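Read the structure below first, then the notes.
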Amino acid sequence: MHEFSICRSILRQVTLAAEQRGNGRVRVIRLRLGPLAGVSATELERAMPLVSQGSIADGAAIVTELVPLRVACEVCGAESTADPARLACGACGNHKVRPLSGDELLLVGIELAQ
């Protein structure tokens, strides 16, 4: 399960951010995740408590914002949402699209205990 290595990477970023803000304990980790990121939000939420044991983020809640897949059509120019299993323009149905959002896995914020 590659979510463990992703959680370790997130934990490194969280630890660095917490240290820059005064070393408080991390209460909440906020992530933004799209369907094309290749990562399961459920598996991240299961893996993070195991990876963060004994760290500054031990016991932190994981809040994941799921971002919809949005595409731009290279044929008609429309922007629309798309089904990850069927990358096609919502306006004309063409498959010549490029993702605008939905492929991200971002650490968007942390909350520290006072």
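What follows draws every value from the coordinates through simple rules; no lab data is involved. Given the structure is predicted, the values throughout are model-derived calculations rather than measurements. We place every Cβ from the backbone using ideal geometry, glycine too, and count neighbours over all the protein chains shown.
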_Dipole moment magnitude, nearest 20 debye, the range 22-68 about Cα centre, only Lys, Arg, Asp, Glu C-beta charged_ = 140 debye
*Taking the Cα centre of the chain as origin, sum charge times position over the Cβ atoms of Lys and Arg (+1) and Asp and Glu (-1), and report the length of that vector in debye to the nearest 20.*
140 debye
*Would you calculate the separation in nanometres between label points at Glu79 and Cys92, each defined as 7 Å from the Cα along the Cα-to-beta-carbon direction?*
1.8 nm
*In degrees between 0 and 90, to the nearest 10, how far off the longest principal axis of the chain does helix 3-20 point, with axes built from Cα atoms?*
60 degrees
_Using only the alpha-carbon atoms, how far is helix 41-51 inclined from the longest principal axis of the chain? Give it as 0 to 90 degrees, nearest 10._
20 degrees
_Using each residue's phi in the range 27-34, evaluate 6.51 cos²θ - 1.76 cosθ + 1.60 at θ = phi - 60° and report the 3J(HN,Hα) Karplus result to the nearest Hz, with x for Gly and Pro._
9, 9, 10, 9, 10, 10, 9, x
_Below 8 Å, C-alpha to C-alpha, sequence gap of six or more: please give me the relative contact order for the range 1-71 in percent._
43 percent
*Consider the candidate values (i) 14.7, 46; (ii) 18.2, 60; (iii) 17.2, 53; state which one is Rg and Dmax of the Cα atoms in Å computed from the structure displayed.*
(iii)
_Antiparallel %, DSSP beta bridges [both residues in the chain], to 5_ = 70 percent
*Of the options Leu44, Gly22, Ala60, report the single residue whose Cα projects farthest towards the positive end of the charge dipole of the chain (beta-carbon charges: Lys, Arg +1; Asp, Glu -1).*
Gly22
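Note down the relative contact order for the range 39-114 as a percent, whole number, built from C-alpha pairs under 8 angstrom at least six residues apart.
Working: 87 pairs, mean separation 16.9, N = 76.
It comes to 22 percent, rounded to a whole number.
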*asked:* As a footprinting exposure proxy, order Cys76, Cys89 by other Cβ within 10 Å, with the fewest listed first.
replied: Cys76, Cys89
*Divide by every residue of the chain the summed helix terms, -39500 (n - 2.57) for each DSSP H run of at least 4, and state the resulting mean residue ellipticity at 222 nm, rounded to the nearest 500 deg cm²/dmol.*
-8500 deg cm²/dmol
_Taking the Cα centroid of the range 65-114 and of the range 1-49, what is the distance between the two, rounded to the nearest whole Å?_
21 Å
*What is the extension gain from Leu16 to Arg46, computed as 0.36 nm multiplied by their sequence separation minus the C-alpha to C-alpha distance, in nm to one decimal?*
8.6 nm
*Please give the residues of the range 7-44, grouped as numeric ranges, whose backbone N is less than 15 Å from a label point set 7 Å along the Cα-to-Cβ vector of Ser101.*
31-37
*Once amide H atoms are placed 1.01 Å from N in the peptide plane, what residues at a sequence separation of 5 or more from Asn94, or on another chain, have their amide H within under 5 Å of its amide H?*
Cys89
